[in-house]
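The values are calculated or read from the model by the stated rules, or taken from the named source; none is laboratory data. Because the structure is a prediction, the values reported are computed rather than measured. Here the Cβ is made from the backbone with ideal geometry for all residues, glycine too, and neighbour counts use every protein chain on show. In case anyone asks, the SASA skips ligands and DNA or RNA and just uses the protein heavy atoms, side chains included. Shrake-Rupley method; radii C 1.70, N 1.55, O 1.52, S 1.80 Å.
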Amino acid sequence: MKYLLETYGCQMNKAESAAVEVLLRERSWIPGTVEDADLVLINTCTVRATAENRAWGRIAFFAAEKKKRKFSLVVLGCMAEQYHQEIKKKAPAVDYVLGTFQKQALGLVLDQIEKGTSFDLSEESPVYVFAPTHHEPGAFRSFVPIMHGCNNFCTYCIVPYVRGREVSRKPEAIFTELDALAAAGVREVTLLGQNVNSYKWQDAETTLDFPGLLRLIAQKLGTKEKTATTGIGWVRFLTSHPKDLSDQLIAILASEAIYCRHIHLCIQSGSNRVLARMNRKYTREYFLGLVEKLKAAIPGLSLSTDILVGFPGETEEDLEDTLDVMRKVKFSYSFMYHFNPRKGTPAMTMDEQVPEKTKKARLARVIALQKEISESLMNERIGAVDEILIESLSKRSKKEILGRTARDEMVVLPGEVSQIGQFMRVRLVSKSGNTFKADRVND
Ligand code: SF4
């Protein structure tokens, strides 16, 4: 039987979709198309209005397709969690709605679809389950979820409501997965969680926090020899909440070469007043101090961030504070967006909502500044020699390969398909847009 899986949203959703694909392949399902799939799965996101609108559009599209031919339609992910009843009401053609806490029931759903029968899922007890493997066959890069959910309740964010409280994954399960990924030829892993810094495992034998977990992972992977073509050489992690990034963690990142010199550290706003209204639990002074410590401990570190403008109550002065922090930190890139109220969050009903036009104008200013900073940082890197991991052929030419540095910079250079998945030393010689052009360096 054939399946079609569409995924929207964050890396966690992508990792969960990869696990769904593994499950489907184990059951002998093969990829299909809009025209011939026996099963269509839509893994949804509700964090931003645009992702949500797109998912509603796709649900409507496939519901209409179901009038032309027979197939099963399943909606997964955060929208399924938040709008369970609404999806069923608005789109009765959807056969199953599986929220984030019901994804373990997918196996039962597949049993029914394969047998041509159906059942009522409402009896399933909600519990979050880490899927055992997330590796796409043949891929050299993989995600490893280590925790799930969030306890922070930023006032604009829907995540704690749709993904629940923090649950950390058993260390042995993480190590087993890393072994399996290394054996499968994976070269780079990203440890995933809504807030990896608050990873915490406790049982009768073990108490482990995030720095402790990173220490054990570095010991496990770092003792194995990495060559250009074998072994997990790089580890990244996503996402870090600034308030939980401890000195112990900085010390480990500084001392263990397996961790990439890039951290995505979401600031959201540079104004203390706005940060307090967002319930971010840190100040601009704390953030700038943290950046100073990180840069001093980890030479060559690159930082990226998320910036949210137009939050209720944000003034021109608050925006100036954000621009000021951007100038001081010099993020290599930022995910920039303007506030869009999410139903069910406190910010939805806050007073002093910023007019749409003002939000757009402020976002444009933030984007323009980031462009300037990114360009200037890239110019400083011309001539540098660095290591890259080759990811794919370049989209523009089959005679060029595309790689990425540990600092998360995109690089193209002459090469061939057989080099995908290899580490290589290169010299950055020029830039085009946000990608470097490079030459190979033999050493
Ligand atoms: S830390 Fe804040 S923004 Fe991030 S997932 Fe948790 S509530 Fe959402």
Taking the chain and counting helices only, DSSP H stretches of n ≥ 4 at -39,500 (n - 2.57) each over all residues, the nearest-500 ellipticity at 222 nm comes to -11000 deg cm²/dmol
Output the antiparallel fraction of DSSP beta bridges having both residues in the chain, as a percent to the nearest 5.
-> 40
With a ≥ b ≥ c from the Cα gyration tensor eigenvalues, square-rooted, and the rule rounded for a/c under 1.5, otherwise prolate when a/b > b/c and oblate otherwise, the stretch 2-123 is rounded
What dipole magnitude, in Debye to the nearest 20, does the stretch 149-229 give about its Cα centre under +1 on Lys/Arg Cβ and -1 on Asp/Glu Cβ?
-> 160
Taking the Cβ of L290 as the center, what net charge do the other residues with Cβ under 15 Å away carry, scoring Lys and Arg +1 and Asp and Glu -1?
-> +4
Beta bridge orientation in the stretch 141-381: antiparallel %, DSSP, nearest 5 = 20
Based on Cα positions only, what radius of gyration and what Dmax would you give for the stretch 313-352, in angstroms?
-> 13.1, 35
The stretch 141-381: C-alpha gyration tensor shape, a/c 1.5 cut-off, then a/b vs b/c | prolate
Rounded to the nearest Å, the spacing of the alpha-carbon centers of the stretch 324-376 and the stretch 29-87 is 30
What is the Cα coordinate range of the stretch 331-443 on the first, second and third principal axes, sorted by size from largest, in whole angstrom?
-> 60, 29, 23
For the chain, the fraction of alpha-carbon pairs in successive 20 Å shells from zero, as % | 23, 56, 21, 0
Taking +1 at the Cβ of each Lys and Arg and -1 at the Cβ of each Asp and Glu, which of T100, N13, L214 sits farthest along the dipole of the chain towards its positive end, judged by Cα position relative to the Cα centre?
-> N13
Would you mind counting up the charge near E35? Only other residues with Cβ under 14 Å from its Cβ, with Lys and Arg at +1 and Asp and Glu at -1.
-> +2
For the stretch 141-381, the dipole about the Cα centre with charges only on Cβ (Lys and Arg +1, Asp and Glu -1), to the nearest 20 debye, works out at 380
The stretch 385-440: mean projected area of Cα convex hull, nm² | 3.3
Ignoring the sites themselves, what is the longest stretch of the chain with no GluC sites (Glu not before Pro) in a DSSP loop and at most 13 other beta-carbon atoms within 10 Å?
-> 36-204
Rounded to the nearest 10 Å², the 1.4 Å probe accessible area of D244 is 40
